[in-house]
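If you scroll down you'll find the structure; I have some questions about it.
The values are calculated or read from the model by the stated rules, or taken from the named source; none is laboratory data. Note that the coordinates shown come from a computational prediction; the quantities given were computed from them, not determined experimentally. Neighbour counts run over all protein chains shown; Cβ positions are idealised from the backbone, glycine included. Note: areas computed on protein heavy atoms with side chains; ligands, DNA, RNA excluded. Shrake-Rupley method; radii C 1.70, N 1.55, O 1.52, S 1.80 Å.
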Amino acid sequence: MTSSASSGPATSGATAPVATASPPAPRGREGRRLAPAYGLTAPATIFVLLALIGPLALMFRYSLNRFVPGQMMVEALTLDNYARFFADSFYQEVLGTTLWISALSTLLCLVAGFPVAYFLVRQASDKWKGRLLLLIVLPLLMGNAVRTAAWMVILGDKGLFNAVIGAIGISPVKLMYTPTAVVIGLVSVLLPFMIVTLQSVIEGIDANLESAAQSLGASHLTVLRRVVLPLALPGILAGTMLCFILSMNAYATPVLIGGPSFHMMAPTVYQQVAKAMNWPFGAALAFVLMAVTLVLTTTANVLVQRRYRRWSE
Amino acid sequence: MSDVVLQSIVKRYDAMTAVDHVSLTIGEGELVALLGPSGCGKTTTLRMVGGFIPVTEGRILVGGRDLTHLPPNKRNMGFGFQNYALFPHMSVAENVAFGLEMRKLPKAEIGAKVKTALDRVKLSHLAERLPKQLSGGQQQRVALARALVIEPDVLLLDEPLSNLDAQLRHEMKTEIRTLQQQLGITTIFVTHDQDEALSVADRVVLMRAGKIEQQGSPDDLFGRPASRFAAEFMGVTNLLPGELAGVGRFRLASGEEVRVHPVGVGGDLSLALRPERLALDADEPDHNALPAVVDLATYRGLVIDYRVATASGLVLIARRPSPAVGGPAPLKPGQPVRVSWHPDAGTLVPA
């Protein structure tokens, strides 16, 4: 949608001089040709306005309303809902859990994904690169709930994992309904995003740079630290932000693998809106989640860009 | 400073042999050019010396030390890449300092050495620039400074001039040669350009299909190509197939019999004649001479190339100075000429 909209004016702009230069072209043809081009951007623009900004504005307005049991939402202009979040340590703990689970999952994705992405770029032949990439994104072709259900089968008290370690004489481990299980589930969802993002950036790093560093006396680890990582920084940033945002907003994984006593932000928002019918507070929680995510990712972006800008422009 | 000895090195990929038992000794302080068309194994050979490609068979010795299986970072070699491979996120000075930091030299010493190295390539004033802010020639000089500042035992250059335009290429060629001689550093220079190889090297090694085709001084290769391939690669445009017809006599495939420098070889041969050695109007008694007609004249600035054809269908290229540099008046297509050359001007090579 976006690409067709942006290429529209450019294409007609290039052909317009030809049209005006040829004598038989009727006057005003240029204008008539451009009009549909601009018109083509309208659906995307309207869609963005209606489908993204509209609901956001509406939700924000809701978050300022008052909840009265029995009456549900009562029109008001109050910050009570936000005040409640900051007054109630339960919700702050929920946010805390969401933050550290997301940070840990993202970090694990980075640590596990980087070697895979690097291997794909530098070691795999072209033929295998395509196949392996397909294999890596394959889990994404499956529904989130289905995949999570599979993890429940694997991580359950009598699940596959415990059966396997039981067979070699290790006593069963409680995994299901623990934060560990949630992190495992999240990493399995997010890893493909990290790998694909890193792979495309590492692809752009000239292999000769690594050879040059080596010939100057750098070990593999030093080449990684001094050459590859700094040059892969934009990809690391993009992959990290992507994974972090996705896990901050994760829903199915914490609900199904985390269990009833494990709380992250997105399920809590849902719980407020759909179960407690407290739309104003649910909306306020959603905005707190969005604000925190936005501040963290923007800060990371600014910090990294500051280092990166010097040579990237 | 050390000599480099390649003992019958081989590089095989699955079914393909990229380098096939190459043995070569590069003397201390010598500059050897590995010359050949793409795919001849010259770059693979260089990368094996640098340690970037594992050697399938054979040994590589530097100064008597076997480093066949050492990683690149333990070889103390300077490597110049075709695309320079400067670290884009480091300044010129940081690029040059990199190798010294790896050697854990004290900061002050690094600073001094970087300055000397940049002075040597006349780039001290650009020390704080980033690579992308430099021209191609400047980048090449930074790459050279970076490779030389570590005082390597050997300097390896992979097509160092091919990304530069003609004027700069000439300048850099001179600069590389001057630096190399000043420092007396053993150097291997890979190129596909015969002109580059001839003007820069002490010795030229011509490679073909993973093997050494011929090696010798630039004058050896240019003047006495030992094979049809070598002759073609060294810019000999007239290669006339035929066979020996007695001592000092050679019968061309087109039927003419010409006198040649007597040789002891037999079999299918070609007479290699440089276009510069052919005269079109001289009439010396002891020269070979064939009547022909000018077919095409190509003006090339300093010279004019004439394609001439004999009645028997033999086609030759003759080169004469153009009038601009005092040469004779140009000939017109269709004009009859006598193509002549001294019997010693040609070389017989295996066809």
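Can you spot a residue in the stretch B:127-146 that is outside any helix (DSSP H, G or I), open to solvent by less than 40 Å² (accessible area, probe 1.4 Å) and not aliphatic (A, V, I, L, M)?
no
Could you give every pair whose Cβ atoms fall below 8 Å, whose first residue belongs to the stretch A:288-299 and is touching a residue at least 60 places away in the same chain (Cβ under 8 Å) and aliphatic (A, V, I, L, M), and whose second residue is surrounded by 15 or more Cβ atoms within 10 Å (Cβ to Cβ) and not in a helix (DSSP H, G or I), counting only separations of at least 6 or pairs across chains?
Close Cβ pairs (under 8 Å, with a partner that is surrounded by 15 or more Cβ atoms within 10 Å (Cβ to Cβ) and not in a helix (DSSP H, G or I)) amount to A:Leu289/A:Asn249.
So which residues in the stretch B:76-89 are touching a helix residue (DSSP H, G or I) at 6+ places or on another chain (Cβ under 7 Å) and either open to solvent by less than 60 Å² (accessible area, probe 1.4 Å) or not assigned by TED's automatic domain parsing to the domain that holds B:Asp165 (or both)?
B:Met77, B:Gly78, B:Phe79, B:Gly80, B:Phe81, B:Tyr84, B:Ala85, B:Leu86, B:Phe87, B:Pro88, B:His89
Still on this structure: Would you check which residues across the stretch A:231-243 are more than 14 Å from chain B (Cβ to nearest Cβ) and open to solvent by 30 Å² or more (accessible area, probe 1.4 Å) and list them?
The answer is A:Ala238, A:Thr240, A:Met241, A:Leu242.
Name the residues in the stretch B:316-351 that are assigned to a loop (DSSP other than H, G, I, E, B), over 27 Å from B:Pro285 (Cβ atoms) and hydrophobic (A, V, I, L, M, F, W, C), would you?
B:Ala351
Here's something else I'd like to know. Sort through B:Val49, B:Val32, B:Val62 and tell me the only one that's more than 8 Å from every other protein chain (Cβ to nearest Cβ) and more than 22 Å from A:Ala213 (Cα to Cα).
B:Val32
Ok, one more. Give the residue, chosen from A:Gln272, A:Gln305, that is surrounded by 17 or more Cβ atoms within 10 Å (Cβ to Cβ) and of a type in the set (S, T, N, Q).
The match here is A:Gln272.
Residues are listed down the side, and each one gets a yes or a no for (1) over 23 Å from A:Thr297 (Cβ atoms); (2) in contact (Cβ under 8 Å) with a residue 12 or more places away in the chain; (3) assigned to a helix (DSSP H, G or I):
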| residue | (1), (2), (3) |
| --- | --- |
| A:Ala76 | yes, yes, no |
| A:Gln92 | no, no, yes |
| A:Val121 | yes, yes, yes |
| A:Ala145 | yes, yes, yes |
| A:Ala149 | yes, yes, yes |
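Given the options B:Arg203, B:Arg224, name the one that is at pLDDT below 90 and of a type outside the set (A, V, I, L, M).
Result: B:Arg224 is the single residue among B:Arg203, B:Arg224 that is at pLDDT below 90 and of a type outside the set (A, V, I, L, M).
Would you confirm whether any residue within the stretch B:92-102 is among the β-branched types (Val, Ile, Thr), part of a helix (DSSP H, G or I), open to solvent by 10 Å² or more (accessible area, probe 1.4 Å) and within 14 Å of chain A (Cβ to nearest Cβ)?
Looking for residues that are among the β-branched types (Val, Ile, Thr), part of a helix (DSSP H, G or I), open to solvent by 10 Å² or more (accessible area, probe 1.4 Å) and within 14 Å of chain A (Cβ to nearest Cβ), one finds none in the stretch B:92-102, hence no.
Would you mind listing the strands (runs of 3 or more DSSP E) fully within the stretch B:184-234 where at least 2 residues are surrounded by 24 or more Cβ atoms within 10 Å (Cβ to Cβ)?
Result: B:186-191, B:203-208.
May I pose another question? Identify the residue in the stretch B:323-346 that is touching a strand residue (DSSP E or B) at 6+ places or on another chain (Cβ under 6 Å) and surrounded by 18 or more Cβ atoms within 10 Å (Cβ to Cβ) and, among all such residues, is farthest from B:Val263 (Cα to Cα).
In this case the residue turns out to be B:Leu331.
Something else now. Does the stretch A:94-102 contain at least one residue that is modelled with pLDDT of 95 or more and in contact with a Leu (Cβ under 6 Å, 6 or more places away or on another chain)?
No; the residues of the stretch A:94-102 include none that is modelled with pLDDT of 95 or more and in contact with a Leu (Cβ under 6 Å, 6 or more places away or on another chain).
Given the condition open to solvent by 20 Å² or more (accessible area, probe 1.4 Å) and within 14 Å of chain B (Cβ to nearest Cβ), answer yes or no: does some residue in the stretch A:160-172 qualify?
No: zero hits.
Now for a different question. Looking at (1) over 27 Å from B:Ala230 (Cβ atoms); (2) assigned to a loop (DSSP other than H, G, I, E, B), can you tell me which one B:Gly313 breaks?
With respect to (1) over 27 Å from B:Ala230 (Cβ atoms); (2) assigned to a loop (DSSP other than H, G, I, E, B), B:Gly313 is out only on (1).
Among the listed residues A:Val223, A:Val228, A:Val201, identify the single one that is more than 22 Å from the chain's Cα centre (by Cα), open to solvent by less than 50 Å² (accessible area, probe 1.4 Å) and more than 9 Å from chain B (Cβ to nearest Cβ).
A:Val228
A further question on this structure: Kindly indicate whether any position in the stretch A:66-73 is without any contact (Cβ under 8 Å) to a residue 40 or more places away in the chain and either assigned to a helix (DSSP H, G or I) or under 27 Å from the mean Cα position of the chain (by Cα) (or both).
No, every residue in the stretch A:66-73 fails to be without any contact (Cβ under 8 Å) to a residue 40 or more places away in the chain and either assigned to a helix (DSSP H, G or I) or under 27 Å from the mean Cα position of the chain (by Cα) (or both).
Taking the stretch A:108-159 as the search range and keeping residues that are polar (S, T, N, Q) and open to solvent by 40 Å² or more (accessible area, probe 1.4 Å), which one is farthest from A:Glu203 (Cα to Cα)?
Out of the qualifying residues, it is A:Asn144.
State all residues of the stretch B:65-91 that are more than 10 Å from chain A (Cβ to nearest Cβ) and hydroxyl-bearing (Ser, Thr, Tyr); if no residue qualifies, say none.
Within the stretch B:65-91, B:Thr68 is the sole residue that qualifies.
Any residue that is surrounded by 23 or more Cβ atoms within 10 Å (Cβ to Cβ), more than 9 Å from every other protein chain (Cβ to nearest Cβ) and β-branched (Val, Ile, Thr) - is there at least one of those in the stretch B:110-118?
There is at least one residue in the stretch B:110-118 that is surrounded by 23 or more Cβ atoms within 10 Å (Cβ to Cβ), more than 9 Å from every other protein chain (Cβ to nearest Cβ) and β-branched (Val, Ile, Thr).
I need the full set of residues from the stretch B:1-56 which are assigned to a helix (DSSP H, G or I) and not small (Gly, Ala, Ser), in order please.
Across the stretch B:1-56, the qualifying residues are B:Lys42, B:Thr43, B:Thr44, B:Thr45, B:Leu46, B:Arg47, B:Met48, B:Val49.
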